[in-house]
Amino acid sequence: MSTINQPLTKIKLLNPTYPNKSTGIINGESSGLLNWNDIAYPQMYDLYQTLLANFWKAQEINMQDDIKQWDSLTDVEKDIFLRVNTQLASLDSLQTPTMSHVMDYVTDSSFKAIFAVISQQEAVHNESYSYVLSSLIPLREQNERFNQAKEDPIVKKRNEIILESYEAFRQDPTPQRLFELGINSINLEGIYFYAGFAFFYNLARQQKMLKTSTMISYIQRDEMQHAYFIAQFVRILLTENPELNTEENIQYIYKAIDHAVQLEKEWSNFILKDIEGINLEEFHGYVEYLANKRFRQLGLENYYPNREENPMPWIHVFSDEMMNETKSDFFEQKSRTYTKVSSSNGFDEL
Amino acid sequence: MKAAIIYTSVTGNTTFIAETIQENMEKRNVATDLIPVDEFHPERLHEYDIIAVGMYTWANGEIPIEMEEVYDAFETEDLKHTVTGVFGSGDSFFAHYCGAVDLFRDMLYVHTNLAVTLKIELMPQEPDLVKCEKFCDRLLQETLVIQ
Ligand SMILES: Cc1cc2nc3c(=O)[nH]c(=O)nc-3n(C[C@H](O)[C@H](O)[C@H](O)COP(=O)(O)O)c2cc1C
């Protein structure tokens, strides 16, 4: 049996004879002690700090405006709002335990710490969907909506692929399955969320339910950074374990992400078809553009031709001003005193 | 004529852009030093007619901490006549797309002869390579204007 199919052992908490700086992200020798000043990939400390600086919680967002606006939404908007909310909640419910499960097999303590932060953030996302629901509809209806999400055939089909991979790693935690889990996690966080994001940001474009979309914006920022981390994790995994870095596995990535793209299009056909302001054709192009970005994050080539441009640039994280952010800056930057300049000042912006 | 490219990169995208720009400059017969930020010496800035600065953006659109020394050097050394350009890689989904490039731009505009800025999403794609060529043309054009 090749090493990539050999189970990873659940690691001991402390291995005092091993160095603090791990010799590998999996199957490495590591004492289990974490000194952030002595880690194998120093950029992980910056990433950890960046993630922490995102800290937010649902209760910070006052839902009053959205509560008042809720009744002015059309029936279709209300229905899709609730479907999307519970569908996103069910995706995030998978991420919290999976990220903490992976921690048991990752030998580098700095990576473990980042998985812990990601798991915490997923828990906050999960709570925020509940918080939105509790502001808008009674418990009985919430439960109906969750059941609906559980039974929805399209949602089920999407989630099954992810679940299968997560479950496979649970049953038999091999390097190969950890790699596959990473790719599926990128699909979940980096593709499957976007029809839902499009729906909420589209409402926001019409000045509707802005508190909910503020929350979505926080979630998107976190998720984007998670997808970056997982992409880096996968790249390091393949680099440190050349036996995983095969043509077959590269093909696995192309196939798995392409499949997620098809499923996201299918979901969008259902969920966004009656939504004014969203052209389905355009959204399909958007999903391909999005997937091309995921490929590039993984160090691969674009897969979909002629998808370099973002056809829906309004699907993006709100600016701080819009989110009314008051948090202090983590990196202790000095205040910058220069006026904003642009190409009208005599230079070119490419 | 001599040029320098000072850059920082975590995942390699900005490195790729920096190398592409270097190749393009050399193609245009300009000797160009490629300087990762940890090999940067402020006093050497005066050796160059053209300086391009490149960086990624993380953390709410701020300038990466390791670029602070470069930033300070441009503020304190007298480089009024140096032709500069700033480039970077980012992700347009974030609120401040290539925010570090913008912050550096505003400072370079005041302290140097800023000719051009360039933002690229992640790893460059076909159309971005054309922009890298234009970036170099624009830098050279500006030095000719001065001469
Ligand atoms: C934690 C984190 C935060 C980021 N924040 C931003 C941002 O605010 N603005 C932006 O344009 N890009 C942001 N990005 C995207 C990076 O700038 C992008 O991946 C870039 O290509 C990295 O360049 P490099 O490969 O040279 O390190 C962020 C990436 C990460 C991992």
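No lab work stands behind these numbers, since they all come straight from the coordinates. None of these values were measured; they are calculated from a predicted model. Note that each Cβ is placed from the backbone with ideal geometry, even for glycine, and that neighbours are counted across all protein chains shown.
Out of A:260, A:227, which single residue is within 14 Å of another protein chain (Cβ to nearest Cβ), surrounded by 18 or more Cβ atoms within 10 Å (Cβ to Cβ) and either touching a helix residue (DSSP H, G or I) at 6+ places or on another chain (Cβ under 9 Å) or at negative phi (or both)? Let's see the steps before the verdict.
Working: A:260 fails: within 14 Å of another protein chain (Cβ to nearest Cβ).
Result: A:227 is the single residue among A:260, A:227 that is within 14 Å of another protein chain (Cβ to nearest Cβ), surrounded by 18 or more Cβ atoms within 10 Å (Cβ to Cβ) and either touching a helix residue (DSSP H, G or I) at 6+ places or on another chain (Cβ under 9 Å) or at negative phi (or both).
Against the condition away from the ligand (no atom under 16 Å from the Cβ), of a type in the set (S, T, N, Q) and in contact (Cβ under 8 Å) with a residue 12 or more places away in the chain, how does residue B:57 come out, does it pass? Step through it out loud before you land on a result.
Values: away from the ligand (no atom under 16 Å from the Cβ): no; of a type in the set (S, T, N, Q): yes; in contact (Cβ under 8 Å) with a residue 12 or more places away in the chain: yes.
No.
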Of (1) surrounded by fewer than 17 Cβ atoms within 10 Å (Cβ to Cβ); (2) acidic (Asp, Glu); (3) away from chain B (no Cβ under 11 Å), residue A:288 satisfies every one except (1)
Taking the stretch A:220-234 and keeping residues in contact with a Gly (Cβ under 7 Å, 6 or more places away or on another chain) and away from the ligand (no atom under 11 Å from the Cβ) leaves A:233, A:234
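Here are some residues: B:42, B:64, B:124, B:36. Which one is within 16 Å of the ligand (Cβ to nearest atom) and either of a type in the set (Gly, Ala, Ser) or more than 13 Å from chain A (Cβ to nearest Cβ) (or both)? Walk me through it before giving the result.
Values: B:42 fails: within 16 Å of the ligand (Cβ to nearest atom); B:64 fails: either of a type in the set (Gly, Ala, Ser) or more than 13 Å from chain A (Cβ to nearest Cβ) (or both); B:124 fails: either of a type in the set (Gly, Ala, Ser) or more than 13 Å from chain A (Cβ to nearest Cβ) (or both).
Only one candidate passes the filter, namely B:36.
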Filter the stretch B:1-29 for residues that are in contact with a helix residue (DSSP H, G or I) (Cβ under 7 Å, 6 or more places away or on another chain) and away from chain A (no Cβ under 14 Å); the one that is farthest from the ligand (Cβ to nearest atom) is B:1
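Output the residue which, of all residues in the stretch B:79-111 that are of a type in the set (A, V, I, L, M) and within 8 Å of chain A (Cβ to nearest Cβ), is farthest from the ligand (Cβ to nearest atom).
Taking the stretch B:79-111 and keeping what is of a type in the set (A, V, I, L, M), we get B:79, B:83, B:86, B:95, B:100-101, B:103, B:107-108, B:110.
Add one more test, that the residue is within 8 Å of chain A (Cβ to nearest Cβ), and what stays is B:95, B:103, B:107, B:110.
On the way: B:95: 7, B:103: 11, B:107: 18, B:110: 23 Å.
Once the filter is applied, the top-ranked residue is B:110.
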Residue hits (the stretch B:127-142; surrounded by 15 or more Cβ atoms within 10 Å (Cβ to Cβ) and either within 16 Å of the ligand (Cβ to nearest atom) or among the hydrophobic types (A, V, I, L, M, F, W, C) (or both)) are B:128, B:131, B:132, B:135, B:136, B:139, B:140
